[in-house]
Every structure is written in structure tokens, then in C-alpha cells.
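Novice: One structure follows; several queries about it will come next.
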Amino acid sequence: MGRHSRTAPLLDAAVSHLQAGELDQAALCYQRVLKLNPNDIAARFGLGNALAGLGELERAMACYRQVLALQHECPEAWSNLGNALREQRRYEEAIQCLETALRQRPDFANAWVNLGAALEAQDRLEDAAASLARALELNPSHPHAHTNLAGVLARHGRLEEAVAHVQRALELAPGLPEALNNLGAILERAGRLENAIACYQGAIRARPSFADAHVNLGMAWLLEGCFEQGWQEYEWRLKGSGLRGLSQPLWDGAALEGSAILLRAEQGLGDTIHFVRYATLLKCQGATVVVECPDRLVPLLGAVPGVDAVFAQGNPLPAFDVYAPLMSLPRILGTRLETIPGQVPYLSVPHELAAAWAARIAAAAAPGHHRIGLVWASNRVAKNVRDRSLPLASLAPLAEAPGCAWFSLQRGPAAREAVSPPAGWSITSLEDESGQITDTAAAMLNLDLIITVDTLAAHLAGALGRPVWVLLPFAPDFRWMRGRYDSPWYPTMRLFRQPRPGDWPAVAREVLAQLQTLIGSGGRPAS
């Protein structure tokens, strides 16, 4: 398409601003071009890129879609649209767009890189690695391909290879924010948290609007127990979170007396259980508290002290005055380590349901035996799921503990492992894929101990005030902090940490030793 004489200087200026990282000025120049020529594809595409760089993803995607309405065969627009969708966590849509870009141009290295990022976000690590390897075949000097492949390799535990790729990316593009951010994540996985924090800060200096680096920095600060800095940076997670917009204002901590506040679940089921405890504090401020959460949690959260009503996500909501994402409440309320609201239990189930499960479990356990529930694999599709899962066989040493009746609370495909457990280990399954979460809670109330990886079961048991032992990877989630074997969030919880990356056998040995000590003393886990 030829350049219009009236718009050519503006387009040149826009490109110069974009290349210099002056995104606001670039956007203004592109907008002036589009006032003169609304169908200028180059200006519409460039405006999308500027807006994406500014974090205005919805407006950026509108620009890319307008480009595609004018020119369907435009792999650059399909690729960038897919990347923006990925940033909004709309992974299936992102992959469809990126595959369209690659059908139109199979040798498009950038699209292979973006596809790799979307596949990694879905925990499809082998597919992601293959996409990134293809990008490097097409362009061995592509810094983002090296950067993203480093992230995938790190999640496979291949840290030395990961460092080599991210260092190559920084040689090709010194100061590249994505490379610094991924280097930080790799160093964090290796236990070098101070160095990781420095990398995240470097990425933010290079690109102040880099939401992923802000979030990673926030979680690193929280892992260190630096709550004030951590909660503030963690707020960046809401950029492109996909939560549907509301006309009511975000709650800023103002007085709530006589007001209705909507608390919105935003991440996993465990996160929702973890942070719904704040409803009690808001009720004490005089608020009417409404919770919006995944459908599966509705029967459970209605009994949380302070919760007036619970609605499943996607359903019509009642009138309310202000709202807050659940995981923003620690920041708004200024939670520090010493002010964590750690009172448990704050979940409960009907007495009749608990009694029914008491009878069922009693029938399956020999009198006097310790009744222990097991969860060994996370069932959530998200990053780091592999770090939070292990084969049931890795816990086989626990079968040596005498006087124990073992029960599986595992859901998902991994639950099948309990059907044929390691030799000499008898495990009774309690979970039904169609069962309610209140059934799981009722079962936990009738167990002496729950041993689980870092997943929903850990939060459920902790919020019920049950004795729970949580098996953590070497680089744990921020909420468990570093070096602690207890949790200020859940007083009945004990943490068992990998001494080195991937070392689940050492964790199993430590759990067995603690279990034998407990049984030998004739006691039961404190609740």
C-alpha cells in the first residue's frame, strides 16, 4: 500500500517514537494518521503495538481486529492479537490466532515464539519447547526465543541450559526486560532469591509497565516476608486478568459501615479459600459482604463467618456499592506478618454431613489406627503444577508407618494411582469426581491428619483447622515464605520442604520420620 503524502511524516514520527520506546507519543502520532485516513493499515497496526506496550490490551486487540477486517491475510496482526490474548490468559483463543498466523506464514519466527509462550502458559511444556526450537531454527539470533526457551527449560529443572539461553538473549539484546525477568525466575528456582529480586527490578527499570516483572517481584518480596512492598507489586497481577469490568468502584479502604461490598475470586480454588477469611474483618466494619466465586465453592463459602451471600461466577449479582478482588484485600487492609488473620477454622459443614462421613470412614479403618488422608498431585492446569505434583510411588515409604489407615483425597487422573498403590500399601479412596467440595471437607473433619502437596486440599484442611502436612517444592509459592516449617496463615499446618530441586524422596523420608515419632509417642496431630 502506498504512503499518503499527508500522513507519511506522521507515520515516520510514530515509528521513531515506537522504536525509542516512547509509546505515548507513538500512539498520538498513529491516532493523528487515522483521523486523516481511518483505513491506514500500517497506522492501525502500529497503534495496536503502542497500546499493547502500554498495557492497554483491549484497545490493542481492537486495532489488530480492525487490521484483519481490512486485510485478513496479515500474519503479523494474527500473531500480535494472539500474544495479547495470551497476556489476558485467554490461551485457547491465543493459540488459534497464532496457528492462523503460521498457516499464512510458516516461517514466521515471531509467531512461533508467541505460540511457545501460549503453550507454556497451558503447561504444555514439550509443545512449547518444540515451538521455540522451531523459532530458533528460523532465526538463531532471536532473543525472545532464547528467553522463552530458558523459561521452559527451567521448569523442566534444566537450570544450567536455561541460564545459557537467557545469557545468550542478553548478549543479543542487552537489558531485554523479558530476559531479565526470566533470569530472575530461574535464579529464584535455584534458591538465589536476592539475585532474582535484582533481576526483576532491572526488568522494571528497563520497562516500567512490565506487569509480569512487577508480579514476580511482588511474590519474591512476599516470599521474603516483606509484605508492604510485596502486596503493592502483586497488585500488577490484575493487568489483563480477565475479570469482567464492573461499573461500581474498587474499594480503597474507606469506611464500609452500611455499604455492600463484592469480593471477587480471581485465581484458583485454593487461593479463594485462603483469602476469603478477610470477609470476617469486613463484616466487623459494618459491611454487607457478597462473594463471587467458582460454582464448586458456593456450597462451602456461604458458611464463612461474615459472608452474607455467595454467587457463582457468571451469574447475575445483587446490588453492591464497591468491590475488591479477594487477593487485593491484604494490600488494602495493610496486612503485615504480625497482623495476618490466622484464626481457624473459618470453614464448616453441616453436622449431619460430617456425621455421615464419620460412619463411612470408621467402617474402613481399624479401631485405634491413625486415619490419614493423602493428596499427591495438583489437578490445576497452571504454571508450576509439575513442581507441586509427584507420583504416589514417591510416597511409598510412608506405608512403613505402623497403625495407619490411609485414605485418598486425590482428584483427577492421578487418583487412579490409588487403585493399584505400591506393594504393601492399602489406600481407600474417598473422592468422587462428581462429589461436592463439602463432602471433601466433611471427610477431612473425620481424619486425624491430611498429607498433601500444595493444592486446594492444603487450604481446605487448613481453613477447617485440621492437622495438615504440606509437601513443598524447593522454590515454593510466595505464601509459604522461606525457611519456615509453620504457616502464620494456618496454625494447624506443618510444612515439609525439598532440600534441593526435585528431591521428593528426602521429603518422604522426613514425613515418615515425623509420622513414626508421632505414632511412637502415642499422640495425634494437634488440631
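Novice: Would you please give the residues with an amide H less than 5 Å from that of V310, counting only those at least 5 places away or on a separate chain, with H modeled from the backbone geometry?
Specialist: V291
Novice: With r as the distance between the Cβ atoms of E93 and D12 and R0 = 30 Å, compute the FRET efficiency 1/(1 + (r/R0)^6) and round to 0.05.
Specialist: 0.30
Novice: Would you work out the charge dipole size for segment 442-527 about its Cα centre, treating the Cβ of every Lys and Arg as +1 and the Cβ of every Asp and Glu as -1, and quote it to the nearest 20 debye?
Specialist: Values: 9 positive and 6 negative charges, 29 e Å.
Roughly 140 debye, rounded to the nearest 20.
Novice: Can you run phi through the Karplus equation (6.51, -1.76, 1.60; θ = phi - 60°) for segment 295-310 and list ³J(HN,Hα) in whole Hz, with x for Gly and Pro?
Specialist: For segment 295-310, the Karplus-derived couplings read 3, 4, 8, 3, x, 8, 6, x, 9, 5, x, x, 8, 8, 7, 10 Hz, x marking Gly and Pro.
Novice: Roughly how tilted is helix 193-206, in degrees to the nearest 10 and between 0 and 90, from the longest Cα axis of the chain?
Specialist: 30 degrees
Novice: Using only Cα atoms, locate the centre of segment 284-341 and the centre of segment 157-230, then give the distance between them in Å, rounded to an integer.
Specialist: Distance between centres, Cα-based: 32 Å.
Novice: Quote the relative contact order of segment 416-472 in percent (integer), defining contacts as alpha-carbon pairs under 8 Å separated by 6+ residues.
Specialist: Across segment 416-472, relative contact order equals 26 percent.
Novice: Take each of the peptides 65-74, 161-170, 225-234, 454-463, average the number of other beta-carbon atoms within 10 Å over its residues, and list them starting from the highest.
Specialist: Values: 65-74: 15.9, 161-170: 20.6, 225-234: 18.0, 454-463: 27.3.
Going by the mean number of other Cβ atoms within 10 Å, highest first, we get 454-463, 161-170, 225-234, 65-74.
Novice: Give the relative contact order (percent, whole number) for the chain; include only Cα pairs under 8 Å separated by 6+ residues.
Specialist: Taking the mean separation of contacting Cα pairs over the length of the chain, I get 9 percent.
Novice: Of N315, L281, G270, whose Cα points farthest to the positive end of the dipole of segment 260-333 (charges on the beta-carbon: +1 Lys, Arg; -1 Asp, Glu; origin at the Cα centre)?
Specialist: Of the candidates, L281 comes out farthest on the positive side.
Novice: Now for a separate question. By average Cβ neighbour count within 10 Å, what is the ranking of 127-136, 407-416 from highest down?
Specialist: Descending packing order for the listed peptides: 127-136, 407-416.
Novice: At R0 = 56 Å, how high is the FRET efficiency between R482 and L70 if r is their beta carbon distance? Nearest 0.05 is fine.
Specialist: 0.60
Novice: Pull up all non-local amide H partners of L472: gap of 5 or more, or a different chain, and H-to-H distance under 5 Å with H placed in the peptide plane.
Specialist: Sorted by chain and number, the residues that satisfy this are F496, R497, Q498.
Novice: Angle check, please: helix 504-520 long axis (alpha carbons) against the longest principal axis of the chain (alpha carbons), in degrees 0 to 90, nearest 10.
Specialist: 20 degrees
Novice: Now, a different point. For the residues F108, F474, what sequence is obtained by ranking on other C-beta atoms within 10 Å, fewest first?
Specialist: Numbers: F108 22, F474 17.
Sorted ascending by nearby Cβ count, the order is F474, F108.
Novice: Hey, another quick one. Specify whether the C-alpha gyration tensor of segment 76-177 places it in the rounded, prolate or oblate class, a ≥ b ≥ c being the square roots of the eigenvalues: rounded for a/c under 1.5, otherwise prolate if a/b is larger than b/c and oblate if not.
Specialist: prolate
Novice: Okay, moving on. What's the angle, to the nearest 10 degrees (0 to 90), between helix 125-138's Cα axis and the longest principal axis of the chain?
Specialist: Orientation of helix 125-138: about 20 degrees from the principal axis.
Novice: Follow-up question, since we're still on this one. Between S408, W236, G191, whose Cα lies farthest towards the positive end of the dipole of the chain when Lys and Arg beta carbons carry +1 and Asp and Glu beta carbons carry -1, centred on the Cα centre?
Specialist: G191
Novice: If N is the number of residues in the chain, what value comes out of its Cα radius of gyration divided by 2.2 N^0.38 Å?
Specialist: On the way: Rg = 25.5 Å, N = 527, 2.2 N^0.38 = 23.8 Å.
So the Cα radius of gyration is 1.07 times the expected 2.2 N^0.38 Å.
Novice: Moving on to the next point. Calculate the translational D of segment 8-238 in whole µm² s⁻¹ from Stokes-Einstein, where the hydrodynamic radius comes from the Kirkwood formula applied to all Cα pairs, the temperature is 37 °C and the viscosity 0.692 mPa s.
Specialist: In µm²/s, the coefficient rounds to 180.
Novice: Could you sort 418-427, 320-329, 270-279, 394-403 so that the peptide with the highest average Cβ count within 10 Å comes first and the rest follow in order?
Specialist: Highest to lowest by the protection proxy: 270-279, 320-329, 394-403, 418-427.
Novice: Continuing with the same structure: How high is the FRET efficiency between S394 and T428 when r is their beta carbon distance and R₀ equals 25 Å, given to the nearest 0.05?
Specialist: After rounding to 0.05, the efficiency reads 0.80.
Novice: With only Lys, Arg, Asp and Glu charged, each at its Cβ (+1 for the first two, -1 for the last two), find how big the charge dipole of segment 260-333 is about the Cα centre; round to the nearest 20 debye. Please report the intermediate quantities before stating the final value.
Specialist: On the way: 5 positive and 6 negative charges, 35 e Å.
Dipole about the Cα centre, nearest 20: 160 debye.
Novice: Of the options L18, V67, P299, report the single residue whose Cα projects farthest towards the positive end of the charge dipole of the chain (beta-carbon charges: Lys, Arg +1; Asp, Glu -1).
Specialist: Of the options given, the answer is L18.
Novice: Report the relative contact order of segment 342-476, percent, no decimals, based on alpha-carbon pairs under 8 angstrom and at least 6 residues apart. Mind showing how you got there, number by number?
Specialist: Working: 208 pairs, mean separation 44.9, N = 135.
About 33 percent, as a whole number.
Novice: So for segment 240-398, what are the equivalent ellipsoid semi-axes in whole Å, largest first, each being the square root of 5 times an eigenvalue of the Cα gyration tensor?
Specialist: Output for segment 240-398: semi-axes of 34, 20, 16 Å.
Novice: May I pose another question? Using amide H atoms built 1.01 Å from N in the peptide plane, name the residues 5+ places from H370, or on other chains, whose amide H lies under 5 Å from its own.
Specialist: HN-HN under 5 Å from H370: C404, A405.
Novice: About the Cα centre of the chain, what is the dipole size in debye to 20, counting +1 per Lys and Arg Cβ and -1 per Asp and Glu Cβ, all else neutral?
Specialist: So the magnitude is around 120 debye.
Bear in mind that the values in this text are calculations on the coordinates, not laboratory data. Keep in mind that what you see is a predicted model, and the values were worked out from it rather than measured. Note: ideal-geometry Cβ built from the backbone for every residue, glycine included; neighbour counts use all protein chains shown.
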